[in-house]
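Notes to accompany the following structure.
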Amino acid sequence: MKFIEIFNYGDLIKNLVSRDFKTRYKRSYLGILWSLLNPLLTIIVYTLAFDYILKIRVRNFPMFFMCAYLPWSYLSASLSTSLTSLSNSGYLIKAVYFPREILPLSIILSSLLHFLITFIFAFPILMIFGYFPQWSVLSLPGIILLQSLFIFGLCLFLSSIHVFFRDIQYILDVILTIWFWLTPVVYPISLIPDQFLFFYNLNPMTIFVTAYREVLLNGALPVPQYWIAILIATSASLLLGYFPFLKIRKRLAEEI
Amino acid sequence: MIEIIHVSKKFKIWEDRSRDLKETTINFLRGKKRSFRELWALRDIDVEIKKGETVAFIGENGSGKSTLLKLLSGIYTPDEGEIATQGKISTLLELGVGFHPDLTGEENIFLNGSMLGFNQKEMKKKFEEIVNFSEIGDFIYSPIRTYSSGMAMRLAFSIAMCVDPDILLIDEVLAVGDEAFQKKCLKRLEGFKMAKKTIVIVSHALEMVREFCERAILLFEGRLIIDGSPEVVIDKYHAMLSTKERTSDLERIVEAEKVYVPIMNEKSVLEEKEEKKVEKEKEKIEEFFPQEPKYERYGTFEAEIVEVVLRNEKEEETNTFTSAEGMSICLKIRFHRDLEGPIVGFYIREYKGDRLLNIYGTNTRWKNIELGSFERGEEIEVKFLQRLSLPEGIYYTLAAIADAEETKFYDWQENVKTFIVKKEDSLWTGMIDLNSQVLINRCC
């Protein structure tokens, strides 16, 4: 019943997302353009470093990198901004009742919005580089939805933990860096030695990133095993997130 | 409708508030759990509020009234018991919850409204009303950070006042804003009342409670003390405050007059204890007399009523009188401070139904008697003489001494003496002897 309650607060979610969206770049000169400039500059820097200096053997590195970096930055931005979504909203939680998961959720949705905007701009760039969208593109909404649920689970987990352990904030930075390098964002999986491949594939982000590349660069659908892996990862993440969240939900207003 | 069924709420007070990983790990490895105390903020509260009632929770800070409101709104969950509510609840615990300075007034209205649980459609309908009510005008399209604090407050108020819930929970928020605006809000609340909305408020503004609410509930240290009409409940609250003042006053006196007063205190506290013990035993004996009122005493104790003596016409101490007999009530008073112009008085009370009614009362001021000034340590006797024109029954006496302005009671003792009136003549009937003269004129 509590899970359904969230749908009665659709307008609140909408307003919170639009608040976050409107205020994120408020009073900055370039505003929403930063959502585009930021990944663009990152792509340029990584291309210089890995394509020209380190000479990594990947076909069309900028596009290879972009297809993985955009979903990755969706994850990392969501995690680092929603981490404090419960602990910093004490004033709200103490003053008015609404389902608390709305707080991390609205931040994720706002990140999703930014992700989608950059993603739309990715298509013409891909076409310039000769990658034209195939029918498989139609599976993208599904992948994005599942990734969003995956992120939501993690955010619930982290923001709940953060109420009690503020240290998680600093640990998260390290974890995100390690996670980034354990995910094939800047290099192809083919570089991973065979004996580690099984463990390497246990990383859900490996699956997500590969799925995006399959669809955008190869114009193919991810193989069924990938879909199963994605579904498992998503459900595991939601379970992981709701478990501590439900534990603290009742006492949230007192503990903050 | 709101049902609060035997609700209790406790808080954990952490002894050490540190939450870094290092200490947590060390404590965890040592098998040491974080220590905390439990504080019961509310204990076994059982209240039913009907649709359309306006109820105020009053009590001192920390009495649990705000906690109760938060339980009603769903912000807190009870540890014991249950809360059942019917209808849409709007909570005004804090004004302008979630106002964002960079958003315009308009955007903030919708955001705030949705936080209070109203959807976009409802808010659109109310939008104009809110803007008019707030008297903000075109500023509504500017970011809130450009507002004066008064304007932001008015906007927050207006949202709170214009939304349309079934149940409105208000925590002290009406105490702010300028007077004219406050009046406007009160008028609005009157409108809510007329529309049979349920309103629950938490307030220190007792005057407002008295005027506005139909019912008041006094909480003290998390327990429900009394639930009834605002007049009765507020009187009780004043009595409690006065007792508390007495305690702190005593402390001050002890501090200032270390030689004499401590002995007196101990004695009087002991006496009080003794009296209470006696009273308790009496209670046990008189279990079949459930209406026997309790002896209660409070005041600042700067002057003390040491003794109350009832005498009949023959100057004999007694507690049985016949109506038509003369009776004297003698109050022996001791002063613990230099005091000027105190007022001494008494009441005679009787049970009517389940209420203790004042049958008669008077005091020295009403009788135009100036008591003059007294020095510390002085003792006086004040004697009231009257004829008991009362019907048969059991009566209780209340004796009190107050300062010249009647702003505080030095000593107030309820039900200090009980006496019985027997009616032996049959010259009259009813509640009171009006002492009729009978005249007969033959006409024609």
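Contact with the other protein chains removes 20 Å² or more of accessible area, compared with the isolated chain and a 1.4 Å probe, from these residues of the stretch A:131-167: A:F164, A:F165, A:D167. The stretch A:80-113 and the stretch A:229-245 have Cα centres lying 19 Å from one another.
When the Kirkwood radius is taken over all Cα pairs of the stretch B:351-396, what Stokes-Einstein diffusion coefficient follows at 37 °C and 0.692 mPa s, in µm²/s?
Numbers: Rh = 14.1 Å.
Taking Rh from Cα pairs, D becomes 233 µm²/s.
Separation of the stretch A:133-199 and the stretch B:35-56, taken as the distance between their Cα centroids, equals 46 angstrom.
Report the full-extension gain for the segment B:V309 to B:E214: residue separation times 0.36 nm, less the Cα-Cα distance, to one decimal in nm.
Values: separation 95, 0.36 × 95 = 34.20 nm, distance 4.01 nm.
That pair, B:V309 and B:E214, stretches by 30.2 nm at full extension.
Diffusion coefficient (Stokes-Einstein, Kirkwood radius over C-alpha pairs, 4 °C, 1.567 mPa s) for the stretch B:305-441: 80 µm²/s, rounded to a whole number.
In whole percent, how big is the carbon plus sulfur part of the accessible area of chain A, probe 1.4 Å, protein atoms only? Roughly 72 percent of what the probe reaches on chain A is carbon or sulfur.
Look at the alpha carbon pairs under 8 Å that are at least 6 residues apart: their mean separation over the length of the stretch A:77-161 gives a relative contact order of 53 percent.
To check you understand DSSP bridge types, tell me what percent of the beta bridges within the protein assembly as shown (both residues inside) are antiparallel, rounded to 5.
Numbers: 68 of 88 bridges.
The antiparallel fraction comes to roughly 75 percent.
On a C-alpha basis, how far is the centre of the stretch B:119-189 from the centre of the stretch B:373-416 in Å? Whole number, if you could? Spelled out, the Cα-based centre of one part sits 51 Å from the other.
Working note: Debye formula, equal point scatterers on the alpha-carbon atoms of the stretch B:100-219, no solvent; log10 I(q)/I(0) at q = 0.11, 0.12 Å⁻¹ is -0.38, -0.45. Based on protein heavy atoms only, the protein assembly as shown ends up with 52 Å² per residue of surface accessible to a 1.4 Å probe. B:S242 exposes around 20 Å² of accessible area when a 1.4 Å probe is run over every protein chain in place. Placing one equal scatterer on every Cα of the protein assembly as shown and applying the Debye formula, the log10 ratio I(q)/I(0) at q = 0.07 Å⁻¹ is -0.70.
At q = 0.18, 0.20 Å⁻¹ the log10 of I(q)/I(0) for the stretch A:122-256 amounts to -1.09, -1.22, computed by Debye summation with a single uniform scatterer per C-alpha, solvent ignored.
Once you list every other residue whose beta carbon is under 9 Å from the beta carbon of B:N358, what net charge do they have if Lys and Arg are +1 and Asp and Glu are -1?
Numbers: positive: B:R349; negative: B:E350.
Local net charge: 0.
In the context of the full protein assembly, B:V7 retains an accessible surface of approximately 0 Å², using a probe radius of 1.4 Å and ignoring ligands and nucleic acids. Comparing the full protein assembly with the isolated chain (1.4 Å probe, heavy atoms, ligands and nucleic acids excluded), the residues of the stretch A:79-119 losing at least 30 square angstrom of accessible area are A:Y91, A:L92, A:K94, A:A95, A:V96, A:Y97.
In peptide A:9-19, what is the residue-averaged number of other protein chain Cβ atoms found within 10 Å of each Cβ?
Numbers: counts 4, 3, 12, 11, 1, 5, 12, 5, 0, 4, 8.
Taking all residues of A:9-19 together, the mean is 6.
For the options A:I151, A:I108, A:I189, a Gaussian network treatment of chain A with springs between C-alpha atoms closer than 10 Å singles out A:I189 as fluctuating the most. When each full DSSP H helix of chain A is screened for a Cα extent of at least 24 Å along its own axis and an average Kyte-Doolittle hydropathy of at least 0.5, the helices passing are A:61-82, A:102-128, A:140-164, A:224-249.
Can you pull out the buried accessible area for chains B and A, both sides counted, probe 1.4 Å, rounded to the nearest 100 Å²?
That pair of chains buries around 2900 Å² in total.
For the stretch B:335-390, carbon and sulfur atoms together expose 43% of the accessible surface, with a 1.4 angstrom probe and every protein chain in place.
The values are calculated or read from the model by the stated rules, or taken from the named source; none is laboratory data. Since the model is a prediction, treat every value here as computed from it, not as a measurement. Don't worry about glycine lacking a Cβ; one is built from the backbone with ideal geometry, like all the others, and counts go over all protein chains shown. For accessibility, only protein heavy atoms count, side chains too; no ligands or nucleic acids. Shrake-Rupley method; radii C 1.70, N 1.55, O 1.52, S 1.80 Å.
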